[in-house]
1. Given (1) surrounded by 17 or more Cβ atoms within 10 Å (Cβ to Cβ); (2) aliphatic (A, V, I, L, M); (3) more than 23 Å from Ser154 (Cβ to Cβ), identify the lone condition not met by Ala37.
2. Any chance you could count how many residues in segment 116-148 are crowded, with 19+ Cβ neighbours inside 10 Å and of a type in the set (Val, Ile, Thr)?
3. Have a look at Val161, Val250 and point out the one that is over 26 Å from Tyr71 (Cα atoms), of a type in the set (A, V, I, L, M, F, W, C) and part of a loop (DSSP other than H, G, I, E, B).
4. Which condition from (1) under 25 Å from Phe88 (Cβ atoms); (2) under 14 Å from the mean Cα position of the chain (by Cα) is the one that Gly137 breaks?
5. If I ask for residues that are under 16 Å from Val70 (Cα atoms) and more than 17 Å from the chain's Cα centre (by Cα), which ones from segment 1-24 would you list?
6. Inside segment 44-123, counting only helices (runs of 4 or more DSSP H) that do not spill past its ends, which hold 2 or more residues that are in contact with a helix residue (DSSP H, G or I) (Cβ under 6 Å, 6 or more places away or on another chain) and closer than 20 Å to Leu14 by Cβ?
7. So how many residues does segment 100-120 have that are more than 19 Å from the chain's Cα centre (by Cα) and not small (Gly, Ala, Ser)?
8. Considering each of Ala271, Ala320, Ala266, Ala333 in turn, give the residue that is assigned to a helix (DSSP H, G or I), over 18 Å from Cys167 (Cβ atoms) and modelled with pLDDT under 60.
Amino acid sequence: MSSPKLVIGANGFLGSHVTRQLVADGHQVRVMVRANASTISIDGLDVQRFVGDIWDNAVLREAMAGVDDVYYCVVDARGWLSDPAPLFHTNVEGTRNVLEVAKDMNLHRFIFTSSYVTVGRRRGKTASETDIIDLRGVTPYVRSRVQAEELVLSYAREHNVPAIAMCVSTTYGSGDWGRTPHGAIIAGAAFGKLPFVMGGIALEAVGVDDAARAMILAAERGQVGERYLISEKMISNADVARIAALEAGVPPPAKTIPLPLAYALAAMGTAKARLQKTDEKLSLGSLRLMRAEGPVDHSKAVRELGWQPRPVEESVREAARFWVGLREAKRQAKAAKPD
């Protein structure tokens, strides 16, 4: 029997799908989750649980002992925080701590969840893994992701950690129990409660199941020290909302906010965050992050990993069905309760 696989951050959106696919593939699977974290996304799976966070070295060593592949799916994606310190604490220093443990383990692969935002993109050009990002003017969130990826690849070069960086784009699909910000857009559209969409906003996107499969393929076929762009295509927020609404059988959002108005609202959010020390999800930084500057090329993952993603529209429909089904299940549970 092959050695076990370990998923760190297994209860998250991507991590839970990696876990489920590994179990379905017949592997022994270990998962590492924080104490008191919701594990609804992996409950019922035949896995061995280790409870601890990325700063708990004793648990990390125990969980990694005898493992061949580690899938690291921990990230703080709250790009809207007014104080970015938690982003660097988790995304950079937390990753460093895990790598320090990993370098002393006899691993086959360390598959790191990076982001497509680490790749240099600009209008009029399709970006690949060789494009270097210009860090001038990037948000703290992007800077934290770039630093984390550079750290992982430096450990591959200097400490023989068999690491691979997976530059995953925005993920859509079912099982979004934590209600990610992009999942919330689908939920709102599927429930007919999304009053408007912002025009001129498009994101590179991929089905979460397809992203999880890419992670597993990378452990099997990927080259150590490389990074792979994992994205199916660029799709507009308006199209995502329209597809989700139609799948749920409700009218799509009728109003579109023009981009200049979106920037004005974002500027107000930024000013409020500075004056009142609050975390505003709509800010100039978050809007810049939502405005993908150019498409990316996933052909390296296809060529080297044998990755074949489905059209992301299928995953948007799956997400809409998930939210509608979840609402119906809650409604039935409420109706079944005695008065």
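1. (1)
2. 6
3. Val250
4. Exception for Gly137: condition (2).
5. Residues satisfying the conditions are Ser2, Ser3, Pro4, Lys5, Leu6, Leu22, Val23.
6. By residue number, 95-102.
7. Qualifying residue count for the region: 9.
8. It is Ala266.
The values are calculated or read from the model by the stated rules, or taken from the named source; none is laboratory data. Predicted, not measured: the structure shown is a model, and the values here were computed from it. Positions of Cβ are backbone-derived with ideal geometry, glycine not excepted, and every protein chain shown enters the neighbour counts.
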